[in-house]
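S.K.: Before I ask anything, here is the structure I am working with.
Nothing in this text is a laboratory measurement; each read-out follows from the coordinates by a stated rule. These numbers were taken from a predicted model, which means no experiment stands behind them. Note: ideal-geometry Cβ built from the backbone for every residue, glycine included; neighbour counts use all protein chains shown.
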Amino acid sequence: MSERHTISCLVENHFGVLARVSGLISARAFNIDSLTVSTTEDPTISRMTIVVDADAIKLEQVKNQLNRLIDVIEVQELKEGQFIDRELLLARVSVDGRSRAEMESIVRNFGGRLAEADEDSVVIEAAGDTHTLDRLVEQLRSYGITKLVRTGRVALEKQ
Amino acid sequence: MAAKMKGAQILVECLKREGVEVAFGIPGGANLPTFDALYNSPIKVILTAHEQGAAHMADGYARATGKVGVCLATSGPGATNLVTGIATAFMDSIPVVAITGQVRTSVIGNDAFQEADTIGITRPITKHSYLVKDVRDMARVVREAFYIASTGRPGPVLIDLPVDSTVAETEFIYPEQINIRGYRIQASPLIDRAAIHRAAEAIAQSKQPIIYAGAGVIHGTAFAELLELAHKTHIPVTTSLLGLGGFPETDSLSLGMLGMHGFEYTNYAVAQCDLLIGIGARFDDRVTGKPDEFARRAKKIHVDVDPSSINKTVVVDYPIIGDVKQVLQELNRIVQAPDTRAWLATIQKMRQEYPLLYREKEKLLPQFIIQEISELTKGNAVVATGVGQHQMWTAQFYQFNRPRSMITSGGLGTMGFGLPAAIGAQFGRPDAVVWDIDGDGSFQMTTQELATASKHKLPIKVAIMNNQHHGMVRQWQDLFYQGRHAQSEINPVDFVRLAEAYGCVGIRVEKKDDVRPAIERAMAITDRPTVMDFVVEETEDCWPMIAPGKPHDQMLGTYETLKQAGGVPQHRRSDPDEEAKLSLG
Ligand SMILES: Cc1ncc(C[n+]2csc(CCOP(=O)(O)OP(=O)(O)O)c2C)c(N)n1
């Protein structure tokens, strides 16, 4: 059965590594939901968080293939409930005088804020796990989202 | 302070320390400093006719010796010409280091003259690659490249050298230690004892076990261990195409090759077995056919160094990740033999009932020729091949007894591999008798390397099965495309004159009685290459065959169907039919 899985990799922080990882994933026809790269506490190492849609066997293959790359130092699957994950969302939503207040209260409920506001639209900024942000997007939809961007998942293992 | 050296000199110094004796390649603008530094070095540099030839020679050298093969090309077209050769080595896990020139660091990305993104182009077909932008990285990179190419599951590594990194100077400090934190084989040299114990248990309880051995046995130099396992447990052994030579075909427990063009009785045995022991083999689709149907009654053990090979196509019950040699040593220590007498008797019966067969025709048949070569060389030659029917007939009719004797492109199926691979093999093993059994189609993809063989007076023997067709394509068109021969005919070529033009001996053979004397004559020529133009039957098909997507017990061109079609049946001579075969003795 196909499911979403979060894989966290530590990779060498040098040129070409992202191309190797993304090339491998596309060459093997694995379905990827999101991929983020960022620096870590060690400047020579980057962390990649990869969310894939795969069944158990395919997932094992993704991990094994990633492990084969010389520039990949560590591959870890983050199991449901054992990690904290966040995404950042920015959305431009149309508003009028009446809906502006409603909007502000929705956003506050989700722990977000207005990053920018003008006459007939606002830009909403919110961080949260994927599921929470999905719900926020649902609620904003009726107001008219004109632009939406999400960073994709970053995750850290719980203690 | 150590004296300063140019990058190219550091490269050569490092190659020497890796024990490189020979490198194959072609110079050009971007790698002139490298060739210049090699000019007065003890490393022999072989100029090839084409960079594809250089890559296949490095590959053939590596397959024949077990050492790392080295090829050199300039930037742009030189590097792109290597691509087929690198991909061939990658698919078959062959240790090759390819060293390419690159445009100056400062103009990379500007579409400079002869610029190509070599790292980008080769990324999916290399085990790893390096762009050396700073001469201070040169020594470390070369050291790592050889280490990565030759350890774990071997494979090609590419080093891209912008001209400036080869002419810039720095101190030469040889890195004694290698520290690649992302390279896992260092981290886990330990074998999984518990998994081996479970597998041993499964072996002891099996009634109809088969060992399916692949190239991992050869790469991992585990032939002695495999032989010991088979003899200790009385379990018969079949090999993949690339596993040929990993288990002696003269041994009474040998079942030869399995798969698409494997032996009929061997595939039947695989379909019936209750335990399949995969050793250093990757369950390629040419072996398994339809993965769900493959050995469907059997529990499966899979020993492999590469975790990504396990459960890739066929789901196995007993995975064992580790160095094949070490795993087999441990397995041999603890394994208990099952009682396989009834099973061996069943196989023996099938072997007699379904022998490999071909029917005499008026014209020469490749099967006969290859059998003669096998006999006259006593199965001791190093044999390279092209891709097609002749390759499969070589696998069927040449009796391989020694590791590193079958040199063929299994994974990528690269036509044109045979001649350059044979040349590389001969450079690596000057005393070996090296043959290239080739097709007229395959041979013409890299014919120009006769110039290389001729210049170095290599005594290789090229036996062309000249059927004036892309035979394997023609066979598939007859089988699956109503005989519509869309571009599978090849214009006749006078290979004897072609050979002579390159300074080789050319011999044409058209009659059965001339085959043996011609092979003997070729074998007596030791001061230059010989090209044998065997003019063979044009429409002979390669049997038996598992049609794509069909299970192993539904083969085409079986013994029964061929027998019914009439003609004089010829058996594979090396199959003794006496009872002794497959006995427990
Ligand atoms: C480089 C390359 N191009 C095309 C093919 C497809 N192909 C597979 S077998 C074959 C025909 C081979 O003909 P030949 O070398 O004469 O051998 P034969 O089958 O006649 O023995 C072709 C074209 C291939 N394997 N490799």
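S.K.: What are the ³J(HN,Hα) couplings of the stretch A:147-152, residue after residue, when phi is run through the Karplus curve with 6.51, -1.76, 1.60 and θ = phi - 60°? Round to Hz, x for glycine and proline.
M.R.: With coefficients 6.51, -1.76 and 1.60, one gets 8, 9, 9, 10, 7, x Hz.
S.K.: Using helices alone, what [θ] at 222 nm do you get for chain B, with -39,500 (n - 2.57) per DSSP H run of 4 or more residues, divided over all residues and rounded to the nearest 500?
M.R.: -11000 deg cm²/dmol
S.K.: Convert each backbone phi in the stretch B:318-332 into a coupling constant with the Karplus relation 6.51 cos²θ - 1.76 cosθ + 1.60 (shift: θ = phi - 60°), then list the ³J(HN,Hα) values in order as whole Hz, x for Gly and Pro.
M.R.: Karplus-based 3J(HN,Hα) across the stretch B:318-332 equals 10, x, 10, 8, x, 4, 4, 4, 5, 5, 5, 4, 5, 4, 4 Hz.
S.K.: A:Ser99 versus B:Glu510, label points 7 Å from Cα toward the beta carbon: distance in nm?
M.R.: Taking the simple label geometry, A:Ser99 and B:Glu510 are separated by 8.8 nm.
S.K.: May I pose another question? Return an integer: the convex hull volume of the alpha-carbon atoms of the stretch B:503-543, in Å³ per residue.
M.R.: Cα convex hull per residue, to the nearest whole number: 91 Å³.
S.K.: Among A:His131, B:His234, B:His469, B:His390, rank each residue by its count of other Cβ atoms within 10 Å, from fewest to most, as a rough exposure measure.
M.R.: The most exposed by this proxy come first: A:His131, B:His234, B:His469, B:His390.
S.K.: Using only the alpha-carbon atoms, what does the stretch B:122-226 span along each of its principal axes? Please give whole angstrom values in decreasing order.
M.R.: So the three principal-axis extents are 66, 25, 24 Å.
S.K.: Put +1 on the Cβ of every Lys and Arg and -1 on every Asp and Glu Cβ in chain B; which of B:Leu276, B:Ser41, B:Thr394 then has its Cα farthest towards the positive end of the dipole?
M.R.: B:Leu276
S.K.: On to the next question. Given 5 Å bins starting at zero, what is the percent of C-alpha pairs of the stretch A:38-112 in each, up to the one with the largest pair distance?
M.R.: Result returned by the calculation: 3, 10, 15, 15, 13, 10, 9, 10, 8, 5, 2, 0.
S.K.: To continue, here is another question. If you place +1 on the Cβ of every Lys and Arg, -1 on the Cβ of every Asp and Glu, and leave all else neutral, what size is the dipole of the stretch B:193-353 about its Cα centre, to the nearest 20 Debye?
M.R.: 280 debye
S.K.: Follow-up question, since we're still on this one. Quick one: Debye curve from the alpha-carbon atoms of the stretch B:274-388 only, equal weights, vacuum; give me log10 I(q)/I(0) at q = 0.20 Å⁻¹ to two decimals.
M.R.: At q = 0.20 Å⁻¹ the computed log10 ratios are -1.17.
S.K.: Over the stretch B:357-543, what is the relative contact order in whole percent, taking alpha-carbon pairs under 8 Å and six or more residues apart?
M.R.: 25 percent
S.K.: Could you work out how far apart the two model spin labels at A:Leu18 and B:Glu537 are, taking each label as a point 7 Å from the Cα in the direction of the beta carbon, and quote it in nm?
M.R.: 6.1 nm
S.K.: Could I ask something else about it? Report the rotationally averaged projected area of the protein assembly as shown based on its alpha-carbon convex hull, in square nanometres.
M.R.: Mean projected area for the protein assembly as shown: 38.5 nm², to one decimal.
S.K.: Calculate the translational D of the stretch A:3-78 in whole µm² s⁻¹ from Stokes-Einstein, where the hydrodynamic radius comes from the Kirkwood formula applied to all Cα pairs, the temperature is 37 °C and the viscosity 0.692 mPa s.
M.R.: Answer, rounded: 268 µm²/s.
S.K.: Measure nothing but the geometry: give the 0 to 90° angle between the long axis through the Cα atoms of B:366-376 and the longest principal axis through the Cα atoms of chain B, rounded to 10°.
M.R.: Compared with the principal axis, the helix lies near 80 degrees.
S.K.: Go through B:146-159, B:294-307, A:117-130, B:417-430 and give me the packing order, highest mean Cβ count within 10 Å leading.
M.R.: Result, highest mean first: B:417-430, B:146-159, B:294-307, A:117-130.
S.K.: A further question follows. Using only the Cα atoms, work out Rg/Rh for the stretch B:331-431, with Rh taken as the Kirkwood radius, to two decimals.
M.R.: 1.08
S.K.: Work out, in µm²/s and without decimals, the Stokes-Einstein translational diffusion coefficient of the stretch B:178-258 at 20 °C, 1.002 mPa s, Rh from Kirkwood over C-alpha pairs.
M.R.: Using the Kirkwood radius from Cα pairs, D works out to 150 µm²/s.
S.K.: Oh, and also: Averaged across orientations, what area in nm² does the convex hull of the alpha carbons in chain B project?
M.R.: The directionally averaged projection comes out at 26.9 nm².
S.K.: Sort out for me the Cα centre separation of the stretch B:262-286 from the stretch B:522-563, rounded to whole Å.
M.R.: When both Cα centres are located, 21 Å separates them.
S.K.: If you don't mind, another one. To the nearest 20 debye, what is the magnitude of the charge dipole of the protein assembly as shown about its Cα centre, counting +1 on the Cβ of each Lys and Arg and -1 on the Cβ of each Asp and Glu?
M.R.: My answer is approximately 920 debye.
S.K.: On to the next question. Does a label point 7 Å from the Cα of B:Asp137, set along Cα-to-beta-carbon, have any residues of the stretch B:1-43 with amide nitrogen under 12 Å, and which are they?
M.R.: Backbone N within reach: none found.
S.K.: Also, quick follow-up: Relative to the Cα centre, what is the charge dipole magnitude of the stretch B:4-171, using +1 at the beta carbon of each Lys and Arg, -1 at the beta carbon of each Asp and Glu, and rounding to the nearest 20 debye?
M.R.: For this selection, approximately 420 debye.
S.K.: Taking only Cα atoms of the stretch B:482-527, what ratio of Rg to Rh do you get with Rh as the Kirkwood inverse-distance radius?
M.R.: 1.15
S.K.: Something else about it: Sort all Cα-Cα distances of the stretch B:193-353 into consecutive 5 angstrom bins from zero, then give the percent of pairs in each bin up to the one containing the longest distance.
M.R.: Histogram of Cα-Cα distances, whole percents per bin: 2, 10, 21, 26, 23, 14, 4, 0, 0.
S.K.: Follow-up. Less than 19 Å from a label point 7 Å out along the Cα-to-Cβ axis of A:Glu77: which backbone N atoms in the stretch A:15-33 qualify, by residue?
M.R.: Answer for the stretch A:15-33: A:25-26, A:28-33.
S.K.: Relative to the present Cα-Cα distance, how much length would full extension add between B:Glu171 and B:Lys378 at 0.36 nm per residue of separation?
M.R.: Stretched fully, the B:Glu171-B:Lys378 segment lengthens by 69.2 nm.
S.K.: Please quote Rg/Rh for the stretch B:4-171 to two decimal places, taking the Kirkwood radius as Rh and restricting both calculations to Cα atoms.
M.R.: 0.92
S.K.: Roughly how crowded by other chains is peptide A:10-22, in terms of the mean Cβ count from those chains within 10 Å of each of its Cβ atoms?
M.R.: 2
S.K.: Another one. On a 0 to 90 degree scale, rounded to 10, what angle separates helix A:130-141 from the longest Cα axis of chain A?
M.R.: On a 0 to 90 degree scale, this one is about 30.
S.K.: Same structure again: Taking Cα centroids, how far is the stretch B:350-384 from the stretch B:447-476 in Å?
M.R.: Taking the Cα centre of the stretch B:447-476 as reference, the centre of the stretch B:350-384 is 19 Å away.
S.K.: Going by alpha carbons, how many degrees (0 to 90, nearest 10) lie between the helix axis of B:418-428 and the longest principal axis of chain B?
M.R.: Taking Cα atoms only, the helix is inclined about 70 degrees.
S.K.: Quick one: which of A:Lys58/B:Lys133; B:Lys127/B:Lys325; B:Lys127/B:Lys290; B:Lys299/B:Lys378; B:Lys207/B:Lys325; B:Lys44/B:Lys512 span more than 32 angstrom between C-alpha atoms?
M.R.: Those over the limit are A:Lys58/B:Lys133; B:Lys299/B:Lys378; B:Lys44/B:Lys512.
S.K.: Hey, another quick one. Lys/Arg Cβ at +1, Asp/Glu Cβ at -1, dipole of the stretch B:4-171 taken about the Cα centre: which of B:His50, B:Ser93, B:Leu131 is farthest positive-ward?
M.R.: It is B:Ser93, whose Cα lies furthest towards the positive end.
S.K.: Roughly speaking, what is the stretch gain from B:Ala486 to B:Glu21, that is 0.36 nm per residue apart minus the C-alpha to C-alpha distance, in nm to one decimal?
M.R.: Extra length available between B:Ala486 and B:Glu21 comes to 162.9 nm.
S.K.: By what distance, in whole Å, do the Cα atoms of the stretch A:84-157 stretch along each of the three principal axes, largest value first?
M.R.: 43, 20, 19
S.K.: Efficiency by 1/(1 + (r/R0)^6): what FRET value for B:Asp478 and A:Asp55, r their Cβ-Cβ distance, R0 = 60 Å, to the nearest 0.05?
M.R.: 0.90
S.K.: Moving to a separate point now. From the alpha carbon gyration tensor of chain A, can you work out the equivalent ellipsoid semi-axes (sqrt of 5 times each eigenvalue) and give them in Å, largest to smallest?
M.R.: That gives 35, 16, 14 Å for the three semi-axes.
S.K.: Answer with one residue from B:Ala298, B:Asn267, B:Thr250: the one whose Cα lies farthest towards the positive end of the charge dipole of the stretch B:193-353, charges on Cβ with Lys, Arg +1 and Asp, Glu -1.
M.R.: So the residue we want is B:Ala298.
S.K.: Thinking of the stretch B:357-543 as a set of Cα atoms, what percent of all their pairs are more than 31 Å apart?
M.R.: The proportion of pairs with Cα distances above 31 Å equals 9 percent.
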